[in-house]
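Undergrad: Sharing a structure with you now.
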Amino acid sequence: MQTIDKKTQESMVALRRDLHQHPELSSKEQRTATKVCEFLDQIKVAYQPNIAGTGILAEIPGQQDGPCIALRADMDALPIQEETGLPFSSEVKGVMHACGHDGHTSILLGTAMHLSQQPPPPLPIRLIFQPAEETVKGAKAMIDNGALENVALIFGGHLDRHYLAGKIIVTEGPVNASSDRFCITISGQGAHAARPHESVDAVVVGSLMVMAIQTIVSREINPAHPSVISVGRFDAGTASNVIAGQATLEGSIRAQEPEVRKHLHDSIKRIAESVGQLHDAKVKVEIIKGVPPVINTHEMTVLAREAAIAAVGNANVGQLATANMGGEDFSYYLDHVPGCYVRFGGQVPGNEGFPAHSSRFDFDESALSTGAAYYASIAELAGQWVLKNR
Ligand code: NI
C-alpha cells in the first residue's frame, strides 16, 4: 500500500492552486514549465527542460540501470473564461484549467517528491511533462524529441468528475476515441433564386449530404461499437435571392476501434461523392486525421489494476461506466510502447459537478493523492514486471 505523506499532499494542493491561477494555453506553458523545473530543483530530481518547446523530461534513478518506466502528465489549459468563483480562480482572462491538467502536473510532481524520498524503484522512472495535449500536438512532439528513448512501459491518467474522488477507473480495451476531422467542398453552379433550372444548388446538395452522412453510424456500424459523426459547420450562400454555387461542410469523426474508424472515413467519402454525382456537383472530400483511439491491452490493464488496488484498495477500483468518446493524445505513446491509461475519480461528493471543458469545472483535490499513490505503485510494479518478463 502506498501512502502519500501530508507534506507531499500539501505540496500538490499548493502547486495545483498556483497552476490553476496562472493557466497557459497549448504550446505556451512557459510559466508552468518554470514552476515544474523549480519544484524538481527543490526535490533534487534531475531533468531536461525545453523539450519540444515547453516540455520537460525528468528522471528518478532505479535500483538498476536499464529501460525506464515512463509516467506522463499534460500541462496546458483551455481558452475558456473561468466562472467557478474559486478563491484561486484563473487570473488570466479567457484562459482556464478546465480539464484538470493543473491537477495532472501536480500529481506527477507529487509522485516525484514521494519517490525521491523512498528507496529507489526497481527501474528508473522517466517523468514526462507534456505541453499541448488539447491541440493534440504535444505527445507527438515529445516522442520526436526522445521522450520514449529507452522506455519499456508508459502510464498515464486523467481526472474525471464522473467518478467519486478516491476511485481509480481501470478498463481494458478502448478508453478514448479516435478524433478526426473532415472537410467536404461542394462546387455546383450559382444562379438567380428565381431560376433554379440554371443552377446546381450547393445548399440542397449539402443538405442531402448532411442527412445521408447520418446513416453511416445508424445503419452501417454495429451499434455495440460506439462511434460518432457530427457535422459542425455548414457554410454556403451570400444572399436570399442567390442560389449558392459553393458549400463547405466540416465535421468531427470519433471511433473506438481502428476498423470502425477506417469504415467511417471510407463511408463519408463514398456517400459525399455519390450525393455529388447524383446532382451533378463536384465534390472534394478531405479527411484530416487526428489522434488514434487509446486502447488498453489485457496485459497492461492487469498490471495497472494491481497498482490501483495497491493504491486505493480493491473496493475503490472500478471500470468505465460508459464508453468515452473524447480524444487523448496519450494514444501516440501507446503506438510505440505498451502501457495503460486510467482515470482518477475527482467528483466532489454530493456534487455531480460541471463537465470538463466547461467554465465551472472543478475537481476534488483529494484526487491528487490518489493519483500520486497510483503512480508510486505502478513505478514499483511495472519495474518488477519488466525485469521478470525481459
Ligand atoms: Ni484533458
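Undergrad: Among the listed residues Gly146, Gly103, which satisfies the condition of being within 24 Å of the chain's Cα centre (by Cα), of a type outside the set (A, V, I, L, M, F, W, C) and open to solvent by less than 10 Å² (accessible area, probe 1.4 Å)?
TA: None of the other options fit; the residue is Gly103.
One line per residue, one yes/no per condition, for (1) assigned by TED's automatic domain parsing to the domain that holds Gln63; (2) at pLDDT below 95; (3) over 16 Å from Asp160 (Cα atoms):
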residue	(1), (2), (3)
Tyr332	yes, no, yes
His336	yes, no, yes
Gly339	yes, no, yes
Arg343	yes, no, no
Gly353	yes, yes, no
Phe363	yes, no, no
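Undergrad: Now, a different point. What is the number of the single condition among (1) closer than 20 Å to Val228 by Cβ; (2) modelled with pLDDT under 95 that Ile288 does not meet?
TA: (2)
Undergrad: For Glu149, indicate whether it is over 22 Å from Leu381 (Cβ atoms), within 16 Å of the ligand (Cβ to nearest atom) and assigned to a loop (DSSP other than H, G, I, E, B).
TA: The answer is no for Glu149.
Undergrad: May I pose another question? Got a number for residues in the stretch 330-367 being within 12 Å of the ligand (Cβ to nearest atom), out of contact with any Ser or Thr (no Cβ under 9 Å at 6 or more places or on another chain) and not small (Gly, Ala, Ser)?
TA: Going through the stretch 330-367 one residue at a time, the tally reaches 4.
Undergrad: Within the stretch 129-139, restricting attention to residues that are open to solvent by 30 Å² or more (accessible area, probe 1.4 Å) and touching a strand residue (DSSP E or B) at 6+ places or on another chain (Cβ under 9 Å), which residue is nearest to the ligand (Cβ to nearest atom)?
TA: So the residue we want is Glu134.
Undergrad: Here is a check on your reading of the model: is Asp266 assigned to a helix (DSSP H, G or I) and open to solvent by 30 Å² or more (accessible area, probe 1.4 Å)?
TA: Yes: the conditions hold for Asp266.
Undergrad: Given the structure, is Tyr375 part of a helix (DSSP H, G or I), open to solvent by less than 30 Å² (accessible area, probe 1.4 Å), farther than 26 Å from Glu10 by Cα and in contact (Cβ under 8 Å) with a residue 40 or more places away in the chain?
TA: In short, no.
The values are calculated or read from the model by the stated rules, or taken from the named source; none is laboratory data. Computed from a predicted structure; not experimentally measured. Cβ: placed from backbone, ideal geometry, glycine included. Neighbour counts: every protein chain shown. Heavy atoms of the whole protein, side chains included, go into the accessibility calculation; ligands, DNA and RNA do not. Shrake-Rupley method; radii C 1.70, N 1.55, O 1.52, S 1.80 Å.
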